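These notes concern the structure reproduced below.
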Amino acid sequence: MEYSSEEFDDIRPYTDAEIPAAMKRIAESQSLPLLASYIYPNENCEEVRKRIAAYKTIKSFQTETMSVVNEQIIANTTDGFSCNGISHLSPKKQYLYVSNHRDIMLDASLLQYHLFTQGFETTEITFGANLMQGQLVIDIGKSNKMFRVERPGGSIRDFYKKSLHLSRYIRYCIRQKHESVWIAQRNGRTKDGMDRTDQGIIKMFCMSEPEDKIRAIADLHIVPVAVSYEWEPCDVLKTLELYESQFTKYTKKPGEDLNSILTGILQRKGHVHFELCEPLTDVELHAYDGLTNNEYHRAVSHLIDRRIVNGYRLYPNNFIAYDLRYGTQQYGDRYTAEEKEQFLKHLNTLEKYDTCDIDRLKDILLGIYSNPILNKITIDE
């Protein structure tokens, strides 16, 4: 089925024709001096303003400014960024990158940077409607090839229509527009360290090709992506959210998403590694031909999970947290006394939240770091 681009005007990114106006708005934003001081710390703000206002295409904005943003993040907040697996892929082919999701912005942003440095085109990126607030955020997002995704809510019929619309747009991007796409394996970030693909995501992919479930997935050329941070972005914020969720339905506070974005960007992350896993193959998918639709969606989810979990890179913090949480010395040879002392110092920062059960808070944070080990142990069970 062929789609027209006009069908997706409500969710699509900007086109190049819309970039000059967007760049003018960004250049004139009251927030530009603050942004410019981080991205171009050694340049005059007016020079940055003129440069931004002169961009005419998405590619110029991404390659001349967003690449610098990522370089600053890597230089200022990490101990090194690495990525393996690009050899599995072709720059002439489009893919659907399905990633575990640990940070609101960085998971997709750092992948774009790596693709750019390796001579690949950047991807379109899913962008939650809850984050598209304020003209500046919208302009930066949609100029970065981000497209709007509605959160679950409303009637079942309304949710079905929005899911079908999203499914069709992803297929349109890859099959007609010849653009790759990045999407998280689940709705929202993984907060407890248990990376698992939502079966509903796979069902959504299939909605736009209902007559052939194998082709529905095969045509998207899915590449699982395993994202690993030595120091989990927003780990304390995630701990507090998980703690509160034990007692009541968690409701996000005003400005919480923006705070998480800024914390994720500015927080020290240690080493960061991305593993571009081997794409799902037709042979693997055809092995599921006899399954019911629900069984098929579950099987594909598990196939992606195995790639991501096996590709996840464990750091000393993961082994320290496991030994602390379970009272063992099983992984004592995987970290030093200094690394353990540093982790304990970070763990003990939770003691300032003295209106909470501190032991429970610490257990939650230990779970965030130790659960990736459990994932590797149990993924094939």
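The values are calculated or read from the model by the stated rules, or taken from the named source; none is laboratory data. Treat the numbers as computed from the prediction; the structure is a model and nothing was measured. Cβ: placed from backbone, ideal geometry, glycine included. Neighbour counts: every protein chain shown. Accessible surface areas use protein heavy atoms only, side chains included; no ligands, DNA or RNA. Shrake-Rupley method; radii C 1.70, N 1.55, O 1.52, S 1.80 Å.
Worth a mention:
- Some residue of the stretch 298-318 being out of contact with any Ser or Thr (no Cβ under 9 Å at 6 or more places or on another chain) and more than 27 Å from TYR369 (Cβ to Cβ): yes
- Of all the criteria given as (1) open to solvent by less than 90 Å² (accessible area, probe 1.4 Å); (2) closer than 18 Å to ASP192 by Cα; (3) among the polar types (S, T, N, Q); (4) free of Cβ contacts under 8 Å to residues at least 60 places away in the same chain, the one not satisfied by ASN259 is (2).
- The condition of being in contact with a strand residue (DSSP E or B) (Cβ under 7 Å, 6 or more places away or on another chain), hydrophobic (A, V, I, L, M, F, W, C), open to solvent by less than 50 Å² (accessible area, probe 1.4 Å) and under 22 Å from GLY80 (Cα atoms) holds for LEU276.
- Members of the stretch 97-113 that are open to solvent by 10 Å² or more (accessible area, probe 1.4 Å) and among the β-branched types (Val, Ile, Thr): ILE104
- The set of residues in the stretch 279-305 that are outside any loop (DSSP other than H, G, I, E, B) and more than 18 Å from MET207 (Cβ to Cβ) comprises ASP282, VAL283, GLU284, HIS286, HIS302, LEU303, ASP305.
- Which listed residue is outside any helix (DSSP H, G or I) and either under 20 Å from LEU237 (Cβ atoms) or open to solvent by 60 Å² or more (accessible area, probe 1.4 Å) (or both), from GLN329, GLN342: GLN329
- Among the residues of the stretch 294-326, just one is within 19 Å of the chain's Cα centre (by Cα) and aromatic (Phe, Trp, Tyr), namely TYR312.
- Residue count for the stretch 3-26, restricted to those that are touching a helix residue (DSSP H, G or I) at 6+ places or on another chain (Cβ under 7 Å) and over 14 Å from ILE138 (Cα atoms): 3.
- Boolean, LEU89 is surrounded by 13 or more Cβ atoms within 10 Å (Cβ to Cβ), aliphatic (A, V, I, L, M) and touching a Leu at 6+ places or on another chain (Cβ under 6 Å): no
- Residue, least open to solvent (accessible area, probe 1.4 Å), within the stretch 126-146, restricted to residues that are in contact with a Pro (Cβ under 8 Å, 6 or more places away or on another chain) and under 19 Å from HIS165 (Cα atoms): LYS145
Here is a yes/no grid of residues against (1) open to solvent by 60 Å² or more (accessible area, probe 1.4 Å); (2) within 26 Å of GLN176 (Cα to Cα):
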{"residue": "MET1", "(1), (2)": "yes, yes"}
{"residue": "ARG12", "(1), (2)": "no, yes"}
{"residue": "ALA27", "(1), (2)": "no, no"}
{"residue": "GLN30", "(1), (2)": "yes, no"}
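- For the stretch 77-119, the set of residues classified as free of Cβ contacts under 8 Å to residues at least 60 places away in the same chain and either part of a strand (DSSP E or B) or more than 18 Å from the chain's Cα centre (by Cα) (or both) consists of SER87, SER90, PRO91, LYS92, THR117, GLN118, GLY119, listed by residue number.
Residues are listed down the side, and each one gets a yes or a no for (1) at pLDDT below 95; (2) not in a strand (DSSP E or B):
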position: SER167; (1), (2): no, yes
position: ILE170; (1), (2): no, yes
position: ILE174; (1), (2): no, yes
position: TRP182; (1), (2): no, no
position: ASN187; (1), (2): yes, yes
position: THR190; (1), (2): yes, yes
position: MET204; (1), (2): no, yes
position: ILE217; (1), (2): no, yes
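- Of the residues GLU18, GLU47, the single one that is open to solvent by 70 Å² or more (accessible area, probe 1.4 Å) and part of a helix (DSSP H, G or I) is GLU47.
- Taken across the stretch 284-294, residues that are surrounded by 20 or more Cβ atoms within 10 Å (Cβ to Cβ) and modelled with pLDDT of 95 or more do occur, with at least one present.
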